[in-house]
1. Anything in region A:66-104 that is open to solvent by 10 Å² or more (accessible area, probe 1.4 Å) and without any contact (Cβ under 8 Å) to a residue 24 or more places away in the chain? List them, or say none.
2. Give region B:60-85 a look and list any residue that's part of a helix (DSSP H, G or I) and in contact (Cβ under 8 Å) with a residue 24 or more places away in the chain, or say none.
3. Determine which single condition residue A:62 fails, assuming it passes every other condition in (1) within 17 Å of residue B:90 (Cβ to Cβ); (2) within 14 Å of another protein chain (Cβ to nearest Cβ).
4. Six or more apart or on different chains, Cβ under 6 Å: which pairs go from a residue in region B:9-21 that's open to solvent by 30 Å² or more (accessible area, probe 1.4 Å) to one that's among the hydroxyl-bearing types (Ser, Thr, Tyr)? Could you list them?
5. Consider residue B:119 carefully, then state whether it is farther than 18 Å from residue A:70 by Cα, assigned to a loop (DSSP other than H, G, I, E, B), touching a residue at least 12 places away in the same chain (Cβ under 8 Å) and out of contact with any Phe, Trp or Tyr (no Cβ under 7 Å at 6 or more places or on another chain).
6. Kindly indicate which of B:97, B:55 is within 11 Å of the chain's Cα centre (by Cα), closer than 16 Å to residue B:159 by Cα and either within 13 Å of another protein chain (Cβ to nearest Cβ) or open to solvent by less than 10 Å² (accessible area, probe 1.4 Å) (or both).
7. Return the total of residues in region B:86-134 being aliphatic (A, V, I, L, M) and in contact with a Pro (Cβ under 9 Å, 6 or more places away or on another chain).
8. Being more than 9 Å from every other protein chain (Cβ to nearest Cβ) and under 11 Å from the mean Cα position of the chain (by Cα) is the filter here, so list the residues in region B:35-52 that pass it.
Amino acid sequence: VRERTSKTRPVEVIDWPAAIHNALKSQRVRQVSYVPDAGHKRLIELCHADRNMTTVPLTTEEEGIGLAAGAWLGGERAALLMQSSGVGNCVNALTLAATCGFPLLMLVTMRGEAGERNPWQVPMGQAVPEALRLGGVRTLRLGRAEEASAVANTAAKVAFEEQSAVALLISQQLIGVKSFEEKR
Amino acid sequence: VKALNRREVVASLLERRDGLLVVAGLGSAAWDCTAAGDHPLTFPLWGAMGSAAMIGLGLALAQPKRRVLVVTGDGEMLMGLGSLATIGVRRPGNLSIVVLDNERYGETGMQKTHTAYGTDLAAVAGACGFADARIIRKNTEIAAVRSSIYRGRGPLFFQVKVKRDSLPLVLPPRDGAHLKHRFREALLGEKAAAQ
């Protein structure tokens, strides 16, 4: 995709959700569960369109932790997509990762960061890194589109090769800020 | 009608279990499964309440040629009620859930659960799209439940009304990593190490 900046210089716009999808594919992730977020819209669509992936919409994020544990017991790798507000819903289920050493790969789109226009998103969003740390989940940060492939691959390797719990936090800066203006 | 004995129900479901993969919800359901015989292809939970059905879903999707049975209690199932809707989206034909419903939180002092106040879990499962979902009250129905679990087209849901008795604890191993490894080695063999 090419867009033009105000100086009319062509710049390459990196399709970071596609880069994450490719990383999940190359890491043999078969089950992808999610509670939707606008920031995950394209990645969810790519996973739905991928015949080698089973997508599982969840009613609440903690379900995805059980799903990932069951997938691993059955010999498959899973990933869990959510918005930062869903991290709080996961806390007790993280016991599975902590006590059993189940791999867990969480992809978290951040709210409550720079530019946030909804104050109700701020408390949970700001608490996410600490909440995950307290739950025994390592965090990695994705702030720039060009790093998406490398960081997503690293996160998947940490989860599955080290059998540990890892969350890739995708910065609000990368996703864009929700405007709360009517779409026309 | 005399309420069913939970240990006898679980024993009859798990005897001659062939390749059945079992997830046992925390508390009495896990003790019941262990009383029927500790087995590497049973994954008993000691925590993560509300997760049993979802672990069963992940396992059933990963192993479509094997039968998967979740055995759990009414309190544990109530905590993961949304997972019935999630299972209803993917509807794996190889997944069954048996809820041993004594209408009490047995591990915490026998407080009433929502089923004691009338919550019909089977109706919820049916409304979520399970292929069959029913309440079981009689011993004579257990053979048909067993047959469905091993051969029927799922997802299946059986809410088995059981007696409110406190039975001797029969505890599975506590080490979660051990429970995970032994399950994967028994199911996947050499591939378990290859991740």
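The values are calculated or read from the model by the stated rules, or taken from the named source; none is laboratory data. What you see is a predicted model; the values in this text were computed from it and never measured. Methodologically, a virtual Cβ is constructed for each residue, glycine included, from the backbone with ideal geometry; neighbour enumeration extends over all protein chains shown. Accessible surface is based on the protein model in full, side chains and every heavy atom, while ligands, DNA and RNA are left aside. Shrake-Rupley method; radii C 1.70, N 1.55, O 1.52, S 1.80 Å.
1. A:75, A:95, A:99 - these are the residues of region A:66-104 that are open to solvent by 10 Å² or more (accessible area, probe 1.4 Å) and without any contact (Cβ under 8 Å) to a residue 24 or more places away in the chain.
2. Keep residues of region B:60-85 that are part of a helix (DSSP H, G or I), which gives B:60-62, B:74-79, B:81-85.
Result: B:60, B:61, B:74, B:75, B:76, B:77, B:78, B:79, B:81, B:83, B:84, B:85.
3. Status for residue A:62: all satisfied but (1).
4. Every condition considered, no pair remains.
5. On the way: farther than 18 Å from residue A:70 by Cα: yes; assigned to a loop (DSSP other than H, G, I, E, B): yes; touching a residue at least 12 places away in the same chain (Cβ under 8 Å): yes; out of contact with any Phe, Trp or Tyr (no Cβ under 7 Å at 6 or more places or on another chain): yes.
So residue B:119 fits the description; yes.
6. Details: B:55 fails: closer than 16 Å to residue B:159 by Cα.
Result of the check over B:97, B:55: B:97.
7. Let us first name the residues in region B:86-134 that are aliphatic (A, V, I, L, M), namely B:87, B:89, B:95, B:97-100, B:110, B:116, B:121-125, B:127, B:131, B:133.
Now restrict to residues that are in contact with a Pro (Cβ under 9 Å, 6 or more places away or on another chain): B:87, B:89, B:95, B:97, B:125, B:131, B:133.
Total meeting the criteria: 7.
8. The initial filter retains those residues of region B:35-52 that are more than 9 Å from every other protein chain (Cβ to nearest Cβ), namely B:35-42, B:44.
The answer is B:42, B:44.
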